[in-house]
Amino acid sequence: MLGYNADGTINWSKAPKVSGFTISSLSHIVANSENELVITGASQSAFRFSVQCFSSSGDSIWARLLSHASASVKDLKQAPDGGYIIAVNFNEYGMKLVSLVKTDSLGRVYTLGRMETPEKNKLMFYPNPASNQVSFTTEKFVPANISIIDLQGRICKISPMTGLRTTLVTDDLAPGIYLYKYQTTNSVLSGKLIISH
């Protein structure tokens, strides 16, 4: 990375490194709300991609090295909460897949997708894509709230989960990609939900 003066001369030069790995290719750069540069990149030898934040003078503020074989970052956006949403393509079991990764403002990752709570309670939802409604089910009842959030971070729907299954009507939502959030008193699970009519 190079930082230039107003007259076009080089002010500084930095080689991004995360946990000892040199980043061999940069894929996306965004200026965040603090006028810092947040970049995503890849380390070919380690099959990893990174998210790194630099000051306007090129000093590293924070860095995260994320692993996934054959991963490539396709998009990077700053979320309204100050974190980042990263769209990643990767190959798994011979299939090309897309995943969304949500971070906080310091690049710490929140996994999106089907997960288990510390109590080993599985959350499932269907159908996906949804048109008129989407149902969320768990193996055991834990009081929780289910939210559907758009990619700008706005809560579009919220409902308490009062049993093993809760259904939310989605026919009033615009077609597109959303995030669902299942929140109990001690855990949060989230993932991608597609609405298509």
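Every number here is computed from the coordinates shown, using simple stated rules; none is lab data. All of these numbers come straight from a predicted model, not from anything done at the bench. Here Cβ is always computed from backbone atoms with ideal geometry, including for glycine, and neighbour counts include all displayed protein chains.
Within the set of pairs 6 or more residues apart or between chains, which connect a residue that is under 19 Å from ASP75 (Cβ atoms) inside the range 145-157 to a residue that is aromatic (Phe, Trp, Tyr) and crowded, with 16+ Cβ neighbours inside 10 Å with Cβ atoms less than 6 Å apart?
Final answer for the pair search is ASP150/TYR178.
If you go through the range 134-170, how many residues are crowded, with 16+ Cβ neighbours inside 10 Å, farther than 24 Å from ILE86 by Cα and touching a Ser or Thr at 6+ places or on another chain (Cβ under 8 Å)?
So the answer is 8.
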